[in-house]
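**Q** Please find one structure pasted underneath; my questions will follow.
The numbers here are math on the coordinates, done by the rules we state, and not lab data. None of the values given here were measured: they were computed from a predicted structure. Every residue, glycine as well, gets a Cβ built from its backbone with ideal geometry; the counts of neighbours run over all protein chains shown.
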């Protein structure tokens, strides 16, 4: 594994590093970790990487890795830089013959997303997109319950992702995570909705198997002087007649990472909370609520995907890092199968990819457009 981004002070890069190495099948051996050559070298030292492979920039990384024998160069690269770098970096590494795992959102706009799709197809390399929440075992169980018809026809989806960490203009105080997320040149057309609203939309589509067709969105920037939205409320229309509500916020005081979803069908409903991720709640007509608990045999029997994503016995919580690790495990197993010219295990193919990235960019475009038109319905 090589990494681009994730230098000193970065949050998501360290998460990727820990998650990728969790199962022992991936080793970090190279990287261009920071736009500052000094900081990139510093991170290389902290990670125990050969100083010759802690590069000053990603172009140099590509050039020098290609000089190495195929058995020594990196097999794939993880891109954890701010959003504006995702497309040029992913394109360059794919065209150079490397598999790519990319942090979301995939690109800055739909045009770049469609262009990257063509690059992925031409390169014939594996491309993964790090929407981490489908990595949770109980999310996979929820998806499989819907697939198996337990809920009947899906009528309504309610999904939320409120946070409160941006209630003050901390980007003006140099807070690194806030600075680039509130900068349209680095983050893109949306702030809150691009950062966490895309997670909510992706989760709704992943579990339900439905596609969002239209959105009616009202985006707000509550913090004076901030350049991107910090709160958003959306109505959704899915295919097959389902309706939905999505709200995301980064100015909701008291909220931490309260991603949650309710999926209502004609026969039953399911409910999952990211802050209590080891439980899936199932409600049926005229029956007491069921609580399905991660790690039990009945979960494995219902969902082989949930079983594959489970590392610990029941009662020992698994959460955020393990969800990232599950995506990395599936991605790495798929890359390994490609390298060995074998067919990948179908369960290993269960990780987000370029199609999910395009959906995310269309969602961002639609909510920004809808809100700009005074909350009019806009097609995705």
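**Q** Which whole-number percent gives the relative contact order of segment 2-130, counting Cα pairs below 8 Å spaced six or more residues apart?
**A** Relative CO of segment 2-130 lands at 21 percent.
**Q** What are the semi-axes of the equivalent ellipsoid for segment 231-320, taken as the square roots of 5 times the Cα gyration tensor eigenvalues, largest first, in whole Å?
**A** Values for segment 231-320, descending: 26, 20, 12 Å.
**Q** May I ask you to order 297-303, 264-270, 75-81 by the average number of other C-beta atoms within 10 Å around their residues, highest value first?
**A** For the peptides 297-303, 264-270, 75-81, the packing ranking is 75-81, 264-270, 297-303.
**Q** Between rounded, prolate and oblate, where does segment 167-277 land on the alpha carbon gyration tensor, with a ≥ b ≥ c its root eigenvalues, rounded for a/c under 1.5, else prolate if a/b exceeds b/c?
**A** Values: a/c = 2.58, a/b = 1.86, b/c = 1.39.
Verdict is prolate for segment 167-277.
**Q** Please compute the Kirkwood hydrodynamic radius over the chain, one decimal place, Å, based on all pairs of different Cα atoms. Write down the numbers at each step before the final one.
**A** Numbers: mean 1/r = 0.0469 Å⁻¹.
Hydrodynamic radius (Kirkwood, Cα pairs) of the chain is 21.3 Å.
**Q** Something else about it: Can you sort 220, 182 so the residue with the fewest Cβ neighbours within 10 Å comes first? Don't jump to the answer; show the numbers that get you there.
**A** On the way: 220 14, 182 27.
Going from least to most buried by this count: 220, 182.
**Q** Using mean Cβ contacts within 10 Å as the protection proxy, how do 285-295, 51-61 order, highest first?
**A** Put in order of decreasing packing, that is 51-61, 285-295.
**Q** Rank the residues 180, 272 as a footprinting-exposure proxy: fewest other Cβ atoms within 10 Å of their Cβ go first.
**A** In increasing order of surrounding Cβ atoms, one gets 180, 272.
**Q** Under the rule a/c < 1.5 gives rounded, and otherwise a/b versus b/c splits prolate from oblate, where does segment 240-288 land using the Cα gyration tensor?
**A** Oblate shape, in that a/c is at least 1.5 and b/c is the bigger or equal ratio.
**Q** Starting with the highest mean, order 352-358, 3-9, 334-340, 234-240 by the number of other Cβ atoms within 10 Å, averaged over the residues of each peptide.
**A** Top of the packing list down: 3-9, 352-358, 234-240, 334-340.
**Q** Taking just the C-alpha trace of segment 40-199, give me its Rg and Dmax in Å.
**A** In Å, with Rg to one decimal and Dmax whole: 19.1, 57.
**Q** Strictly greater than 24 Å: what percent of every Cα pair in segment 2-130 meets that?
**A** Cα-Cα pairs in segment 2-130 separated by more than 24 Å: 21 percent.
**Q** Could you tell me the relative contact order of the chain? Use alpha-carbon pairs under 8 Å, at least six residues apart, and round to a whole percent.
**A** Computed over the chain, the figure is 19 percent.
**Q** Okay, helix-only estimate at 222 nm for the chain: each DSSP H run of n ≥ 4 adds -39500 (n - 2.57), divide by all residues, round to 500 deg cm²/dmol; what do you get?
**A** For the chain, the value works out to -10500 deg cm²/dmol.
**Q** Given contacts defined as C-alpha pairs under 8 Å and at least six residues apart, what's the relative contact order of segment 266-312, whole-number percent?
**A** Relative contact order here is 24 percent.
**Q** In whole angstrom, note down how far apart the Cα centers of segment 92-106 and segment 318-380 are.
**A** 13
**Q** Post the alpha-carbon centroid distance, segment 26-58 to segment 139-208, in whole angstrom.
**A** When both Cα centres are located, 30 Å separates them.
**Q** Segment 237-380: percent of C-alpha pairs farther apart than 22 Å?
**A** Numbers: 6097 of 10296 pairs.
Taking all Cα-Cα pairs of segment 237-380, the fraction more than 22 Å apart is 59 percent.
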